[in-house]
Amino acid sequence: MNREINLLDENEPVDLDDGLEPEYDIAALLDRARREGREYRGILSGKGVRLAPDVAEVFDTSEAVNEALRELLARRQSESAGIHTQG
């Protein structure tokens, strides 16, 4: 998973009033949301795919899912091409 890190300019004011209490464990909340099949869609709104929990355990990144799907598509295309050339 790629994450973007933005460093703040030391002269830039920082607004820490995000509405979350300091005792919230954000990582635990996100982990629970993933296990329950919920996720923040943000930029991907309308383009996201929800994985079943058992599938999400095997594919921990979107790139892993994409790679597996590309392999499946390639296999299907080669099998399809083989069937059409034999008949």
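FYI, it's all coordinate maths here, none of it is from the lab. Keep in mind that what you see is a predicted model, and the values were worked out from it rather than measured. Ideal geometry is used to build each Cβ from the backbone, glycine not excepted, and the neighbour counts take in all protein chains shown.
Quick notes on this one:
- Sorted on the mean count of surrounding Cβ atoms within 10 Å across their residues, most packed first, peptides 58-69, 23-34 read 58-69, 23-34.
- FRET efficiency for Ala27 and Ala64, using Cβ-Cβ distance with R0 set to 22 Å, rounded to 0.05: 0.65
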